[in-house]
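Notes to accompany the following structure.
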Amino acid sequence: MELTERQMKILQAIIRNYLETGEPVGSRTISKYTDLKLSSATIRNEMADLEEMGLIMQPHTSAGRIPTDAGYRIYVDDMLGREKERVHNMEEVLLEREDRLEALLQQVAKLLAANTNYASMISAPVLQRNKIKFIQLSQIDTENILAVIVIEGNLVRNTMIRVSEVLDQKTMLMLNMLLNNSLCGLSVEEINLGLIAEIKQQAGEHSRIIEQVIDAAAQAIHPDEKPRIYTSGANNIFRYPELAENSEKAGQLISDFEEKQALGSIVQESLSEETETGIQVYIGNEMPTASMRDCSVVTATYDLGEGMKGTIGVIGPKRMDYDRVIGVMKQIMNQLDELYKKKEE
């Protein structure tokens, strides 16, 4: 859908005014709100065209206009293209060297909620391209071998393997070389039955050990299905009449937010549908659950390197301040990236 420059400015003015007031917007208000220097009659004609396009609607007779979901979508897409960034500076907070990632993520969620006055969420980073980096077998005692499996993101998984004999140094070296030459750099999808059979054949009498190591490796690199999600600012939902006026709907929305199952769906979708900017916006009926159909969610993907990615999100009314929220999200995303790059150096 292509709009003229004048139509776009009028649509932007309607949405921005509605974001500020929550009230339907009339032509006289728009004539004062923009620099177009158009008469109220001309603005009314353009508003009629926008309404015919399904971008604005009249909630009741003699009222002004309010944006539709499609109108919000045009507004958000245009804004993302221009990549406006008017944000609060959160650099000092994000650059605090937290000892634990969990503490940092919880703090980011609280600050995001406080700075936007909406509900917020942030997911712990999960591996999106899990691959084996290194495997090391070590004899612990006469009955156990320790398999140390290092995967992308430098995450380590340890597995004890029961054996019936002590393996000599030459055998351990052979098994380590066989495993690393065959499996390093592979994802779980690439470890097929044919490859497993070939490795076991080369291992000979020690094929049972190889089988257990491969099982442990496949489990270690399997993508996380339920990322940990931290939330804050649920009570901010009650700041907005359109979300709070129906107590039953508001209660269900709070419940879904706190139980996090619906948020997990948003995280998975956000990570699977990456954009150039790393920002995604879900408006109204684009939301995965019925309780959130009156909301908008803005998400950003942060990347800590080596396939480690997570999602930051803000949940609010459809009339949320998209400019400000997207700016805050981009700042946090960039600062998390920089923070972990510096930690690695």
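The values are calculated or read from the model by the stated rules, or taken from the named source; none is laboratory data. Here the structure is a predicted model, which means the values were calculated and not measured. Heads up, the Cβs are rebuilt from the backbone with ideal geometry, glycines too, and the neighbour counts pull from every protein chain shown.
Remarks
- Residue in segment 302-313 that is under 27 Å from Glu245 (Cβ atoms), crowded, with 24+ Cβ neighbours inside 10 Å and assigned by TED's automatic domain parsing to the domain that holds Gly251 present: yes
- Sub-7 Å Cβ pairs linking a first residue in segment 8-19 that is small (Gly, Ala, Ser) to a second residue that is assigned to a helix (DSSP H, G or I), at least 6 apart or interchain, are Ala13/Ile30; Ala13/Tyr33, ordered by first then second residue.
- Residues of segment 163-199 that are touching a residue at least 24 places away in the same chain (Cβ under 8 Å) and either under 15 Å from Lys133 (Cβ atoms) or loosely packed, with under 15 Cβ neighbours inside 10 Å (or both): Val166, Asn176, Leu179, Asn180, Leu183, Cys184, Gly185, Leu186, Ser187, Val188, Ile191.
- Close Cβ contacts (under 9 Å, 6 or more residues apart or on different chains) running from residues in segment 305-334 that are farther than 20 Å from Glu102 by Cα to residues that are of a type in the set (Phe, Trp, Tyr) and assigned to a helix (DSSP H, G or I) comprise Ile315/Phe257; Lys318/Tyr72; Arg319/Tyr18; Arg319/Tyr72; Tyr322/Tyr72; Tyr322/Tyr75.
- Of all residues making up segment 77-132, the number that are at pLDDT below 50, of a type in the set (D, E, K, R) and assigned to a helix (DSSP H, G or I): 2
- Of the residues making up segment 336-343, none is under 16 Å from Asn236 (Cα atoms) and either of a type in the set (Lys, Arg) or modelled with pLDDT of 85 or more (or both).
- Exclusive hit being on the phi < 0 side of the Ramachandran plot and either at pLDDT below 80 or touching a Lys or Arg at 6+ places or on another chain (Cβ under 7 Å) (or both), set Gln212, Gln202, Gln219, Gln252: Gln219
- Of the residues contained in segment 258-266, none is found to be β-branched (Val, Ile, Thr) and outside the structural domain of Gly284 (by TED's automatic domain parsing).
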